[in-house]
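The structure under discussion appears below in the form of structure tokens.
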Amino acid sequence: MSRSRRSYLIRAIYDWAMDSGLTPHLLVAVDQPGVEVPKAYVKEDRIALNVSPMAVQGFDPLVEPLLFSARFGGAPFELQIPTGAVLAIYAAENGEGIAFGEPEASPSASPDEPGGGVPRPRRPKLRVVK
């Protein structure tokens, strides 16, 4: 099973933001399978999370799913975010980063799960045109 490109892009933008002295944020679709975040901070099925080392503990953009601890209203929470649920990663100071658009179905998602059973795009085929 191959890894999604999304996890590599998340890591790249995270590293760029940190190297540039910026604050990386994730925009997450909380209605996706496997997402565990404090529901009280969700707006319109989305949550924006500051994932800088000053704001969270244990964040590792190389791990799938993303697992880390953060405080909300002073209370600690353990968060779990499949990379397919990340809609964007960006620097809070200037908004630069990457938006993925729609959530990406988990490779193990079943047709009964939201986003599961989505057919894969067909590979392009080359042909000789005369």
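The values are calculated or read from the model by the stated rules, or taken from the named source; none is laboratory data. Quantities reported herein were computed from a predicted structural model and do not represent experimental measurements. Heads up, the Cβs are rebuilt from the backbone with ideal geometry, glycines too, and the neighbour counts pull from every protein chain shown.
For the stretch 57-75, the set of residues classified as buried (at least 17 other Cβ atoms within 10 Å of the Cβ) and either touching a Pro at 6+ places or on another chain (Cβ under 8 Å) or closer than 20 Å to Gly97 by Cα (or both) consists of Phe59, Pro61, Glu64, Pro65, Leu66, Ala70, listed by residue number. When Val37, Val56 are screened for being closer than 17 Å to Ala88 by Cα and not polar (S, T, N, Q), only Val37 passes.
Of the residues making up the stretch 21-34, those that are within 14 Å of Ala88 (Cα to Cα) and either out of contact with any strand residue (DSSP E or B) (no Cβ under 7 Å at 6 or more places or on another chain) or in a loop (DSSP other than H, G, I, E, B) (or both) are Thr23, Val30.
Could you tell me whether any residue of the stretch 5-18 is in a helix (DSSP H, G or I), aromatic (Phe, Trp, Tyr) and buried (at least 17 other Cβ atoms within 10 Å of the Cβ)? Yes, the stretch 5-18 contains at least one residue that is in a helix (DSSP H, G or I), aromatic (Phe, Trp, Tyr) and buried (at least 17 other Cβ atoms within 10 Å of the Cβ). A search for C-beta distances below 7 Å between a residue of the stretch 88-101 that is closer than 14 Å to Arg46 by Cα and any residue that is part of a loop (DSSP other than H, G, I, E, B), counting only pairs 6+ apart in sequence or on different chains, returns Ala88/Phe100. From the list Glu102, Glu96, the lone residue that is at pLDDT 95 or above and either under 19 Å from His25 (Cβ atoms) or acidic (Asp, Glu) (or both) is Glu96.
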